[in-house]
Amino acid sequence: MKYVVWLWHNAKGVRWNTLLRVAVGIAQVILGLLMVWLSKQFIDVTIHTGSDADIWMMVAILVAVVVGGVVLRQYYYYLTIVANTRQTNSIRLRIFSRLFHRQLYTEQQLHSGDVVSRLEKDIDAVGEATTTLFPQLLVTTCQLLGAFLLMRSMDARLAWILVLMTPLVIIFGKLLARKLRNMTHDIRQQESRIQMQMQEGIEHNEVLRSLESSDWLAGRLDTMQQGLKTKVMRRTRFTVITRVLLATTFGLGYLLAFIWGGLQLRHGAITFGVMTSFLQLVSQIQHPILQILNMLPQFIHTTASIDRLNELEEMPTELTRGDRGMQLQKAGLRMDDVCFRYATGDRQILNHFSHDFRPGSKTAILGQTGIGKTTLFRLMLALARPDSGRLILYTDGSEQVVDASTRNNFVFVPQGNSLMSGSIRYNLQLARPEATDEELRHALHTATADFVDDLPEGIDTQLGERGTGLSEGQAQRIAIARGLLRPGCILLLDEISSALDADTERHLFERLLNDSPEKTIIFITHREHIATMCDDVLTMGESLESES
């Protein structure tokens, strides 16, 4: 029942479409049953007693019914495509957006390849169930009921014999459901693992080539794919065997109707028209039952997909006071007795750590790799939450605890190449979509990225994945310019000059300091000479204590 509720809740944008398709489907059913009745009338009445004009009139009516059925079928198909596209887009957008509000660095972390697999295959499966299976189930049920009632009016005994198998089918279906669901869940998990392997292989192609491990990795992928094939074939064999058994049962049912009708016809109990109707109605009774049975595995596959999507939606979200915090012009940041360790880590990163980053100060953070410097930034940005202690954003007249709503007061430039595929303009607009060309060029100049003007298409130059087409130093400077477009008053700069030569680095820091005299700037660096440009130095040692 919970799966039906989930699907209904996620069908908000396509409910009217669904009702219209059900109506169109029922109209198709009516035309189909009308065709059966008209066929009987044509054979038993029109041909024997009607005039030529009556015959041609009946032929015209039969043609109109057939054409009407074709038109309705195509209209139903059109509505289904519209609903499916709208539904999958809606669910994918909602879950994709929600991913940006989940709490990071918890025990419940998913691989990006697994997440992509869920956003593609699982959402497609859910969209198919919502927009196709449920309307089809209602229409098929109406078809089954209508065909049964029409046959019952001709021969009640045969009608009841043909539908007696339905309770048995329902019981049998319940026995299959759990087994099929478990098989499908295993297949989805294996598909996600393969997605992870391929994504990481493509992303780290250069490294893997240098290690000469591509053949070994391809062999590993082949083993994983063979495992997936085994699981898929196991489920397929199980499904085929059950379908063979059910199809055989229905085939015998059709044969029963044929023999029954033949015997009734021999004894004069029915007419040729009724015999024709029998054979058509048997198909209209059996076909819906078979359709319902074929829908069962699809519904079960869908429940597994819903469970996997629910895992994404139920992941813990960031703590926030609600609305976006006030945009401050000048602020400091105080860390009071902060303790932190990663949920999946094996050591304490920060232990009763305290420090005051005063408003307008320029601070260099030094220390060994892995000592917790980048963790400080994650805590300041509320991407991670301290186990104890507090981070306070303050001005002369007020203070507030740091959380997701205060993130708009920070400018963060991460270490390394963090560009995305698309134009340079697009990468810059990620920080401020409404920025003018003048603001974009000012940020590029401050980041010593004036080289952009010399590119063939300037700021509209297209970049490949992770900024392919630029050197590491060029990509790093564009990433700095992107960060500077943010209006925050506290700049968090993580090893931003690691790929720059000494002269470019000197110009970069001179411009940063001159362009932001009122802003609080915090540098993570391994270069001692940068510390000499700052008015405060924080050295993080093995004891996790700070020294100013």
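Summary table
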| read-out | value |
| --- | --- |
| Whichever residue in the range 340-376 is within 39 Å of the chain's Cα centre (by Cα) and of a type in the set (K, R) and, among such residues, is nearest to I496 (Cα to Cα) | K373 |
| Subset of the range 363-396 (residues that are open to solvent by 30 Å² or more (accessible area, probe 1.4 Å) and among the charged types (D, E, K, R)) | R378, R385, D387, R390, D396 |
| Checking I480 against (1) closer than 19 Å to E439 by Cβ; (2) open to solvent by 10 Å² or more (accessible area, probe 1.4 Å), the condition it does not meet | (2) |
| Any hit, the range 349-362, residues being open to solvent by 20 Å² or more (accessible area, probe 1.4 Å), of a type outside the set (A, V, I, L, M), at pLDDT 85 or above and part of a loop (DSSP other than H, G, I, E, B) | yes |
| Flag if W37 is open to solvent by 80 Å² or more (accessible area, probe 1.4 Å) and on the phi < 0 side of the Ramachandran plot | yes |
| From D323, D336, D346, residue being among the acidic types (D, E) and modelled with pLDDT of 80 or more | D336 |
| Test set (1) in contact with a helix residue (DSSP H, G or I) (Cβ under 8 Å, 6 or more places away or on another chain); (2) at positive phi - G469 fails condition number | (1) |
| Within the range 426-438, considering residues that are touching a Leu at 6+ places or on another chain (Cβ under 7 Å) and part of a helix (DSSP H, G or I), the one farthest from E510 (Cα to Cα) | N427 |
| Any chance R118 is touching a residue at least 60 places away in the same chain (Cβ under 8 Å), under 25 Å from A304 (Cβ atoms), open to solvent by less than 60 Å² (accessible area, probe 1.4 Å) and in a helix (DSSP H, G or I) | yes |
| Extreme residue, modelled with the lowest pLDDT, among residues of the range 186-229 that are open to solvent by 90 Å² or more (accessible area, probe 1.4 Å) and of a type in the set (V, I, T) | I202 |
| Number of positions in the range 497-520 that are crowded, with 21+ Cβ neighbours inside 10 Å and of a type in the set (V, I, T) | 1 |
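Rundown of residues vs (1) more than 36 Å from the chain's Cα centre (by Cα); (2) hydrophobic (A, V, I, L, M, F, W, C); (3) modelled with pLDDT of 90 or more; (4) closer than 26 Å to N409 by Cα, yes/no style:
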| residue | (1), (2), (3), (4) |
| --- | --- |
| Q474 | no, no, no, no |
| R486 | no, no, no, yes |
| S498 | no, no, no, yes |
| D503 | yes, no, no, no |
| E510 | yes, no, no, yes |
| L513 | yes, yes, no, yes |
| P517 | yes, no, no, yes |
| I522 | yes, yes, yes, yes |
| M540 | yes, yes, no, yes |
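The values are calculated or read from the model by the stated rules, or taken from the named source; none is laboratory data. Owing to the predicted nature of the structure, the values given are computational and were not obtained by experimental measurement. Backbone-built Cβ (ideal geometry, glycine too); neighbour counts: all protein chains shown. Heavy atoms of the whole protein, side chains included, go into the accessibility calculation; ligands, DNA and RNA do not. Shrake-Rupley method; radii C 1.70, N 1.55, O 1.52, S 1.80 Å.
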